[in-house]
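Student: Structure in structure tokens, see below.
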There are 2 protein chains.
Amino acid sequence: MNKKVLTAVLALVLGAGYALTAFSQVKPDVLVKQRQAAMTLLGKYFGPLGGMAQGIVPYNADVVTRNAGYLEVLSQMPWDGFQASTANEKSRALPAVYADTVKFKKAGEDMQAAVAKVVSVSKGGDEAATKAAIGPVGKACGGCHDNFRQKQ
Amino acid sequence: MNKKVLTAVLALVLGAGYALTAFSQVKPDVLVKQRQAAMTLLGKYFGPLGGMAQGIVPYNADVVTRNAGYLEVLSQMPWDGFQASTANEKSRALPAVYADTVKFKKAGEDMQAAVAKVVSVSKGGDEAATKAAIGPVGKACGGCHDNFRQKQ
């Protein structure tokens, strides 16, 4: 098969946008969609933990362990989507994302570190300590959103 | 703080849709958005592997290891989004998703098993064997899409 045919096959399976990721620059709109997908899932799996930390949903150690593990992986996924090529795409990312890349990177790393803390503390099985470790994740999310995401 | 205030605080951090996940039934449109996010990221991280298996992007063992690990986690994420409550939401999911739940579940498990195979085989460091293990993941994606996703 030549390259065009292979491209078509891959596009059939994955959709045209994703096939491109395999062998060329990813298009800016796809990058935005992918980074937003990572944020959506970070929200999905952090939501219940935030609720538990605040006592508004019952504490469930199994859910904490599972979600914290998911969050640790997901927290690595958004960042390569914030390439300069995406600066003019429609999204809530503020210009500061592309202008203050050092501070933005630090904000992402702070979130990752806070998530890693929940993963390690939750292994100890101490509910109060785990709840206390969840708070800083929410703060890291919110802090980054305050500086780098447009208010709705 | 009463529950309303806590809800508002969580909504500020996560967005209104996600705050709900913490302590009530997740709304059908949010479930669809979350499952689509998981599919988007499955595509992001499988795309390059599919390209490598077909020889259209250079083989990179580090990328295979990283992406296979991501896929193993992501492959667990879409399924709880296909709840009956979402059957009338706008999406490409075919009625068979909700009608033939046994077959749909099996299709998801086949994909997870194929991904797990790539994870284990890639640890052996054999490029040809790893490429051979990637093919069945693409087939599992495509097979499920054929039966359960509307053609575009």
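Student: Report whether or not A:Ala87 is in contact with a Lys or Arg (Cβ under 9 Å, 6 or more places away or on another chain) and at pLDDT 95 or above.
Tutor: No.
Student: Give B:Val97, B:Val137, B:Val118 a once-over and let me know the one that is surrounded by 14 or more Cβ atoms within 10 Å (Cβ to Cβ) and closer than 21 Å to A:Gly69 by Cα.
Tutor: B:Val118
Student: Among helices (runs of 4 or more DSSP H) lying entirely in the range A:35-152, which contain 2 or more residues that are in contact (Cβ under 8 Å) with a residue 12 or more places away in the chain, over 21 Å from B:Tyr45 (Cβ atoms) and in contact with a Gly (Cβ under 9 Å, 6 or more places away or on another chain)?
Tutor: Per the criteria, A:101-123, A:127-148.
Student: May I ask you to verify whether A:Gly135 is at pLDDT below 95 and small (Gly, Ala, Ser)?
Tutor: Answer is no for this residue.
Condition check ((1) surrounded by fewer than 23 Cβ atoms within 10 Å (Cβ to Cβ); (2) modelled with pLDDT of 95 or more; (3) more than 7 Å from chain A (Cβ to nearest Cβ)) across all residues:
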site: B:Met1; (1), (2), (3): yes, no, yes
site: B:Leu10; (1), (2), (3): no, no, no
site: B:Ala22; (1), (2), (3): no, no, no
site: B:Gln34; (1), (2), (3): no, yes, no
site: B:Asn60; (1), (2), (3): yes, yes, yes
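Student: Out of B:Glu89, B:Glu109, report the one residue that is within 21 Å of B:Ala37 (Cα to Cα), among the charged types (D, E, K, R), under 14 Å from the mean Cα position of the chain (by Cα) and surrounded by fewer than 18 Cβ atoms within 10 Å (Cβ to Cβ).
Tutor: Unique residue meeting the criteria: B:Glu109.
Student: Now, a different point. Looking at B:Leu71 and the list (1) of a type in the set (A, V, I, L, M, F, W, C); (2) modelled with pLDDT of 95 or more; (3) within 30 Å of A:Lys139 (Cβ to Cβ), which single condition is not satisfied?
Tutor: The number of the failed condition is (3).
Student: Only one residue in A:Lys44, A:Lys27 is facing another protein chain (nearest Cβ under 8 Å) and not aliphatic (A, V, I, L, M), so which one is that?
Tutor: Among A:Lys44, A:Lys27, only A:Lys44 is facing another protein chain (nearest Cβ under 8 Å) and not aliphatic (A, V, I, L, M).
Student: Next question, about the same structure. Taking A:Lys27 as the residue in question, decide whether it is among the basic types (Lys, Arg), at pLDDT below 95 and at negative phi.
Tutor: no
The values are calculated or read from the model by the stated rules, or taken from the named source; none is laboratory data. In this text the structure is predicted, and so the values were computed from the model without any measurement. Here the Cβ is made from the backbone with ideal geometry for all residues, glycine too, and neighbour counts use every protein chain on show.
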